[in-house]
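Below is one structure, written out as structure tokens; comments come after it.
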Amino acid sequence: MQPDVFFFSKRIRDAVSYRDAEHWYEEMKKAGVTPNEVTFYTLVNVAPDYAKAVHWYEEMKKAGVT
């Protein structure tokens, strides 16, 4: 069974640290899985500061996710 967007988004949400969340996002990209609004919403919420939250918002816009 191939991991999907729900698998990776859950790993990002449940990550123990922001670094782990970033790791799961990178693994998601390596697996060719396209992030969705839940993925980006989660990354914005686990961001340790405003600059990182803005980064994820910009990534979301680049990915065409609304």
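Within region 11-34, the set of residues being in a helix (DSSP H, G or I), among the hydrophobic types (A, V, I, L, M, F, W, C) and open to solvent by less than 50 Å² (accessible area, probe 1.4 Å) comprises ILE12, ALA21, MET28. Can you name the residue in region 35-63 that is modelled with pLDDT of 95 or more and not in a helix (DSSP H, G or I) and, of all such residues, is farthest from LYS10 (Cα to Cα)? Once the filter is applied, the top-ranked residue is ASP49.
The values are calculated or read from the model by the stated rules, or taken from the named source; none is laboratory data. What you see is a predicted model; the values in this text were computed from it and never measured. The accessibility values were calculated without ligands, DNA or RNA, using every heavy atom of the protein model including side chains. Shrake-Rupley method; radii C 1.70, N 1.55, O 1.52, S 1.80 Å.
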